[in-house]
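These notes concern the structure reproduced below.
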Amino acid sequence: MITRFAPSPTGPLHLGHAYSAIVAHDMARAAGGTFLLRIEDIDRSRARAEWEAQIYEDLAWLGLHWETPVMRQSERMPAYQDALDTLSAAGLTFPCTCTRRDIAEALNAPQEGAMGPDGPIYPGTCKTVERHEISDAAIRLNITAEAIAKTDEISFTELLSKETVPTIMSTDLAGCIGDIVLARRDMGTSYHLSVVIDDAAQGVTHVVRGEDLFDSTIIHVVLQRLLGLPTPLYAHHRLIRDAAGKRLAKRDDARAISKYRAEGATPDDIRRMVGL
Ligand code: GLU
Ligand code: ZN
């Protein structure tokens, strides 16, 4: 068994991150498996070296052990580009110059506006336009039924969440997911593409992460099929919430692990606080 914790170094780790890391770590350890860490720093405008350093410090303090070297997504651009090239060569991508506002306006037309896991289903504006040599464009997945004809039913195995696992026929993918963004114009990749490629590259067998990512998983399975990558098992855990029942976010510095540490909490206190 190989599990991983994949934080973005864009703020302090809080109790929700601690819970996620501990669940993934303990699951691997209980099975005599391996726990990996991956730094998801593709958003260079938000990632900071200080936050990355703090991640290592907090996780070590919690008593977690991970394999080194740690994978950092900012060093993986060639792998993401290879995957984009493969999909492009198969005619499965197209450049898109739409802004959020263009998309919203296009969807204001009657009979449109379905929601997918990634927001409103893309209306297809740029799909039919012949464009050459645009450097400032996002790359979208051209999700035609033929593209995924080799994969009739798209689904996955869920080990923790009580949410209903979707099964989507390949012919329904265009309506359910749409032409998702594979590479953002400022990044050269996207969360979905990177996470799929790296989970496969690291041999992750059990993806342990929060339930907030449950709906994204079907997108990941589609990308795994298109790229010929294995689909791991998924374990989407409950989210840690504050007293008002709101899930914790990066800006909830009040619940930063470093703050509890500074106040004298022990790693066992943290485990208790997240119900472990
Ligand atoms: N980097 C993502 C986050 O910090 C997690 C990605 C994943 O576990 O798939 O929310
Ligand atoms: Zn577009």
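The values are calculated or read from the model by the stated rules, or taken from the named source; none is laboratory data. What you see is a predicted model; the values in this text were computed from it and never measured. Using ideal geometry, Cβ is built from the backbone for each residue, glycine included, and neighbour counts are taken over all protein chains shown. In case anyone asks, the SASA skips ligands and DNA or RNA and just uses the protein heavy atoms, side chains included. Shrake-Rupley method; radii C 1.70, N 1.55, O 1.52, S 1.80 Å.
Here the Karplus curve 6.51 cos²θ - 1.76 cosθ + 1.60, taken at θ = phi - 60°, turns the phi angles of segment 192-206 into couplings of 4, 5, 5, 5, 5, 5, 6, 4, 5, 5, 8, x, 5, 9, 10 Hz, with x standing for Gly and Pro.
Residue separation times 0.36 nm, minus the C-alpha to C-alpha distance between GLU130 and ASP172: what's the value?
Numbers: separation 42, 0.36 × 42 = 15.12 nm, distance 2.58 nm.
Answer, rounded to one decimal: 12.5 nm.
Per q in 0.09 Å⁻¹, report the Debye log10 I(q)/I(0) for the chain, using one uniform scatterer on each alpha carbon and no solvent. Listed by q, the Debye log ratios stand at -0.46.
When GLU211, GLU75 are compared by accessible surface with a 1.4 Å probe, the order from highest to lowest is GLU75, GLU211.
Rounded to the nearest 5, the antiparallel percentage of DSSP beta bridges internal to the chain is 50%. Extending 7 Å from the Cα toward the beta-carbon at both ASP85 and THR97 defines two label points whose distance is 2.6 nm.
Tell me, what is the percent relative contact order of the chain, built from C-alpha pairs under 8 Å that lie six or more residues apart?
On the way: 431 pairs, mean separation 69.3, N = 276.
That works out to 25 percent.
Most fluctuating residue of GLY11, GLY116, GLY33 in a GNM of the chain with Cα springs under 10 Å: which is it? Judging by the Gaussian network model, the answer is GLY33. ASP41 exposes around 0 Å² of accessible area when a 1.4 Å probe is run over every protein chain in place.
Amide H contacts of PHE5: LEU36, LEU37, ARG38, each under 5 Å away and 5 or more positions distant or on a separate chain (H built 1.01 Å from N in the peptide plane; Pro and chain starts excluded).
Counting each pair of different Cα atoms once, what's the Kirkwood radius of segment 1-46 in Å, rounded to one decimal? Spell out each step's value before the answer.
Details: mean 1/r = 0.0885 Å⁻¹.
Here the Kirkwood hydrodynamic radius works out to 11.3 Å.
Between CYS176, ILE55, ILE154, the Cα set farthest toward the positive side of the dipole of the chain (charges on each charged residue's Cβ, about the Cα centre) is that of ILE55. Extents of segment 146-276, largest first, come to 58, 36, 30 Å (Cα atoms, principal axes, whole angstrom).
Under a 5 Å amide H cut-off, with hydrogens placed 1.01 Å from N, HIS14 pairs with ILE257 among residues at least 5 apart or on other chains.
Note that segment 86-98 has calculated 3J(HN,Hα) couplings of 4, 5, 5, 4, 8, x, 9, 9, 8, x, 9, 10, 5 Hz, one per residue in order, obtained from phi through the Karplus relation 6.51 cos²θ - 1.76 cosθ + 1.60 (θ = phi - 60°); glycine and proline are x. Charge dipole of segment 159-271 (Cα centre as origin; +1 on each Lys and Arg Cβ, -1 on each Asp and Glu Cβ, all else neutral): 220 debye, rounded to the nearest 20.
Note on MET273 and ASP215: with the Förster distance fixed at 25 Å, the Cβ-Cβ geometry gives a FRET efficiency of about 0.40.
Please state the charge dipole magnitude for the chain, taken about the Cα centre, from unit charges on C-beta atoms (+1 on K and R, -1 on D and E), reported in debye and rounded to the nearest 20. Intermediate values should be presented prior to the final figure.
Working: 30 positive and 38 negative charges, 119 e Å.
Using Cβ point charges on Lys, Arg, Asp and Glu, the chain gives about 580 debye.
Relative to the current alpha-carbon distance between MET1 and GLU75, full extension at 0.36 nm per residue lengthens the span by 24.1 nm. Using a ≥ b ≥ c from the Cα gyration tensor of segment 60-127 (square roots of the eigenvalues), is it rounded, prolate or oblate, where a/c under 1.5 gives rounded and otherwise the larger of a/b and b/c decides, a/b for prolate? Note, shape of segment 60-127 comes out oblate. LYS246 sits with roughly 110 Å² accessible to a 1.4 Å probe, with DNA, RNA and ligands left out of the calculation. Counting only alpha carbon atoms, the long axis of helix 49-61 and the longest principal axis of the chain meet at about 50°.
Can you compute the helix-only [θ] at 222 nm over the chain? Use -39500 (n - 2.57) per DSSP H run of at least 4 residues, normalise by all residues, nearest 500 deg cm²/dmol. Please report the intermediate quantities before stating the final value.
Working: 9 runs with 88 residues, N = 276.
It lands at -9500 deg cm²/dmol.
When you count the other C-beta atoms within 10 angstrom of each residue and take the mean per peptide, 233-242, 193-202 line up highest first as 193-202, 233-242.
If DNA, RNA and ligands are ignored and the probe is 1.4 Å, what is the ranking of MET115, MET1, MET27 by accessible area, most exposed first?
Per-residue accessible area, sorted high to low, gives MET115, MET1, MET27.
For TRP61, the solvent-accessible surface computed with a 1.4 Å probe is close to 70 Å², ligands and nucleic acids excluded.
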